[in-house]
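The next block holds one structure in the form of structure tokens; read it before the comments.
Each reported figure results from applying straightforward, stated rules to the coordinates on display, with no laboratory input. Computed from a predicted model, the values in this text were never measured in an experiment. When we count neighbours, we look across all protein chains shown, and the Cβ atoms used for this are built from the backbone with ideal geometry, even at glycine.
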Amino acid sequence: MSYAAYSSMMLDYTVDNIRKLNVDRDLKLAALKTKADAEAYVRGVREKIAAVFNIPQNRSVPASRCCGVVTKTDFKVEKIIYYSRENFPVTSNLYLPLTPGKHPAVILVCGHSGEGKAAAAYQLAASNLARKGYAVLVIDPIGQGERWQFIGVDGAERISGSCTKEHTILGKKLRLCGEFFGSWRAYDAICGLDYLLSRPEVDAARVGITGNSGGGTMTTVVQALDSRFTMAAPSCYVTSWQRNFENEVIVDSEQMFPGILAAGCEMGDLILAYAPRPVILLGQKQDFFDERGLRETYERAKKVYELLGAGENLQFFIGPTYHGYSIENREAMYEFFNRHAGVDADGKESPDKVVLTAEETYCVESGQVMTSLPECFTVHDIILKQVEKLKLERAALSPAALKAELKNMLHIPDCFAEPYVRMLRTLYFKQEDGFLIHSRFGIETEPGIMTTLKFIGDTAYSSFPALDELTIYLPHLDAGKEMVEKELPSGTIVAGYDCRNVGESRAITCYAVEEYNHFQTEHGQDYHYDGIGDMYNRSTVAQRVFDLLSAIEYVKRCGVKKIKLAGRGLGCVPAAIGALLCADVKGLTLYDAPESWQSMVTKPATYWPQSCMIPGILKYTDLPEIYAAVNADIVNFADEPEFE
């Protein structure tokens, strides 16, 4: 009984918004005429980026230890564990030349390979740099290499063996606590730089950073956050967010930076944060990170570099192959770093490809710090402490104060204008005893967003009726289907309401191969559009509550006298918040409701999608307080959502 009338809506809406942002940004860049203009622009984007990531500044050299050394003919590898947080180990390999003296240095951050620092491409990049005279620290990311986070964890079978799935679960948990997984990743790398610069072999005046894919992301981010780098070479990441959105490229949890689009920044602003620092942008001709976006980003950033008098410091290189740190891209990086570090060596890779076995790269014998270091904290362990602290510190809010807090967090306006409404085609579904009629009303809650309100029964409505009482039902996935198949409140007229990306407007883009992919453990369309919303500081919950309040305004103006709400599963969260924020709502019934946001955090592996979560909400309240404030009639709770 579903009908995907607006399945391309979320894609079109997203593309329209990012294009408008880039028109405004291009006007700002075009207005830069002098070196002082360019310097002011650089300072502005640097401050905006620093605010997004909020990296602690009061650091010292992290505690560390060497767990062994592997010596080859012309370089050696020290196995280093350093601690970026209390009892939170970062496993790494430090490649060092065998020649004495101070050496230029490089941080190498790994992409989304389960092997982490043991992956052959990263080993080859590090060993060839060491042979050319560099000290290179290769870092295992969280959930990769020796830092898998869900080994033996109950309920984690669906994410076992996938680093990006681990990242998605951790990203959701941190989000509820007001933190960002990308900041954790960046902080690990910055603490690695603190460690690297403490080594007597390192020349602090010549320090670069490089990485591919997810490591290209971290290269781009970390160099935008730290003034100590003197050069950077991100590979297979830099394009533009406009190209990513247009091409439906779904990215990892740390790659969707909260508030960055609300600040008016595009991806190229990360490159400009410390302009005119030497940077080479590396891409691939057949990469899913569109090489056209890389060229466009380069051309826009080049103007700023030229105004700063150092146009030659920004370069780009497009390799001939597919996504990956290919030999062509590695050699372009060697040549660029040699030039800017003053290293008298060629940019070619040694034909003698020395690659250590995985076991040779291990800092701990088992190859996993979780099982080898009993004092080791996982991200989940740290989050558990944090969420308990937030609960203790959280002030009890009156219903009025809770309403004000949520209204502010979700950016809900004080009043709503009557939305533009379409009388949509009535749908008739043949039944054994006649037809089931879907009377449909399209509510345009904002430009580009069409939501649907519908009656289901044996009567067709061409205009919305003035009723004494109406219950608006927010479904788990699809109002049309659920109003037929699920038990709904009796004794009143019910209208199903599909908010954005639900039911009739559910996106079927982003390789959504399943009928519903809200509960994919990584990279589903629901996750994708929610992450983009975060980049605008407008979570999916905020957007759906806005839709609901617009629909309530519409039915009020049609003459409905008494309004109640009902929700199921994912629909419970916007329904409960809508009931709190709207004084016209006189009752709320919830089915299969999530028990609390805190339970989503404390459960080792939660499969509630992040589209039902509000960033930072656990600093202020939790679902039970919202339910209590509106006297919700909760029929039952759901420990995990249904997957169909």
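Sorted fewest first by neighbouring Cβ atoms within 10 angstrom, Tyr83, Tyr497, Tyr322 come out as Tyr322, Tyr83, Tyr497.
Our estimate of slack between Glu487 and Ser160, defined as 0.36 nm per intervening residue step minus the Cα-Cα distance, is 114.1 nm. Computed 3J(HN,Hα) for the stretch 107-117, one whole-Hz value per residue from the Karplus formula 6.51 cos²θ - 1.76 cosθ + 1.60 where θ = phi - 60°, is 8, 10, 9, 7, x, 7, 10, x, 6, x, 5, glycine and proline marked x. The C-alpha atoms of the chain define a longest principal axis, and helix 525-535 lies at about 70 degrees to it. Got a sec? Which residues in the stretch 430-447 would a label at Leu467 touch, if it sits 7 Å along Cα→Cβ and we count backbone N under 18 Å? Within reach of a label on Leu467, which here means backbone N under 18 Å from a point 7 Å along Cα→Cβ, the stretch 430-447 contributes 436-443. For Cys236, Cys558, Cys582, the sequence from fewest to most other C-beta atoms within 10 Å is Cys558, Cys582, Cys236.
Before anything else, pin down the relative contact order of the stretch 285-403: Cα pairs under 8 Å, at least 6 apart, normalised by residue count, whole percent.
Relative contact order comes out at 14 percent.
In the stretch 394-634, Cα pairs under 8 Å separated by at least six residues give a relative contact order of 21 percent. Here the contact order of the chain, divided by its residue count and restricted to Cα pairs under 8 Å and six or more residues apart, works out to 16 percent. Converting phi to 3J(HN,Hα) with the Karplus coefficients 6.51, -1.76 and 1.60 and the offset θ = phi - 60°, the stretch 95-102 yields 8, 10, x, 8, 7, x, x, 7 Hz in sequence order, with x at every glycine or proline. The phi-based Karplus calculation (6.51 cos²θ - 1.76 cosθ + 1.60; θ = phi - 60°) puts the 3J(HN,Hα) values of the stretch 239-244 at 8, 9, 5, 4, 4, 4 Hz, whole numbers, x for Gly and Pro.
What do you get for Rg/Rh of the chain when both radii come from the Cα atoms and Rh is the Kirkwood radius?
Details: Rg = 26.6 Å, Rh = 26.2 Å.
The Rg/Rh ratio comes out at 1.02.
Ellipticity at 222 nm from helices only: DSSP H runs of n ≥ 4 in the chain, each -39500 (n - 2.57), divided by the residue count, give -11000 deg cm²/dmol. Which of the aspartates and glutamates could be linked to Lys303 by a straight reach, that is with a Cα gap under 16 Å, when you skip same-chain ones fewer than 8 residues away? Hits, sequence-local ones excluded: Asp26, Asp37, Glu39, Glu266, Asp269, Glu312.
Going by how many other Cβ atoms sit within 10 Å of their own, how do Tyr6, Tyr607 line up, fewest first?
On the way: Tyr6 22, Tyr607 19.
Sorted ascending by nearby Cβ count, the order is Tyr607, Tyr6.
For the stretch 394-634, DSSP calls about 55 percent of its internal beta bridges antiparallel.
Each residue, Asp12 and Arg292, gets one label point 7 Å from its Cα in the Cβ direction; the gap between the two is 2.0 nm. Within the chain, antiparallel bridges make up roughly 50 percent of the DSSP beta bridges whose residues both belong there. With a Förster radius of 25 Å applied to the beta-carbon distance between Arg339 and Ala51, the computed FRET efficiency rounds to 0.15. How big is the gap, in Å, between the Cα center of the stretch 189-236 and the Cα center of the stretch 101-172? What the calculation gives is 15 Å, centre to centre. Filter Lys165/Lys619; Lys285/Lys348; Lys173/Lys564; Lys391/Lys562 down to the pairs with a C-alpha to C-alpha distance above 29 Å, please. Table pairs above 29 Å Cα-Cα are Lys173/Lys564; Lys391/Lys562.
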